[in-house]
Amino acid sequence: MLRISKLTDYATVILANLATRSERICTASELATITHLSTATVSKLLKKLQRGGLVTSSRGSHGGYQLARPATHISAADILDALEGRFAITECSGEHSNCGIADSCRVGSAWRRVNAAIVRALKDVSLSQLAGLERHQAMEIHLTRHSMPLTRMTKPSHE
């Protein structure tokens, strides 16, 4: 079964929360409270995310974490790469294959096509979409463009 790890799922939740608070720096303990995860788990994941280039940290009394780039520029593939390494559905579909039967294998090229399709799909989904921000922004734009002026919404007075 193809499934991301629980820690990768938690890291995505942390990143989504940072995306909704893009204007401010959040501490690990704040993120732990918001996400209902332990502070130790959040701290561990933030360090991995920082090493992966997805968050930046600042020290001091007003220190904490924030996204390293806009949520629209972080893909699901970036998150998986930072937490689990490059995606490879099979040994031969990764960048550096050590498959012992590659010379006689008949299915490797098909698995590489499947792998490429999955990676494309992961790259097409942004953190902004994962966090639900683009849906809300699209809804706000839709409502703004299609709302009736208040003068048309109120009943005429019969004075």
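Where a number appears in this text, it was derived from the coordinates with a stated rule and is not lab data. Predicted, not measured: the structure shown is a model, and the values here were computed from it. Virtual Cβ from ideal backbone geometry, glycine too; neighbours counted across all protein chains shown.
Checking the a/c ratio against 1.5 first, then a/b against b/c, what shape does the Cα gyration tensor give for the range 17-57? Show your work: numbers first, answer last.
On the way: a/c = 2.07, a/b = 1.06, b/c = 1.95.
Oblate, since a/c reaches 1.5 and b/c is not below a/b.
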With label points set 7 Å from each Cα along the Cα-to-Cβ direction at His62 and Arg3, the distance between them in nm comes to 4.4
Rounded to the nearest Å, the spacing of the alpha-carbon centers of the range 1-65 and the range 81-100 is 25
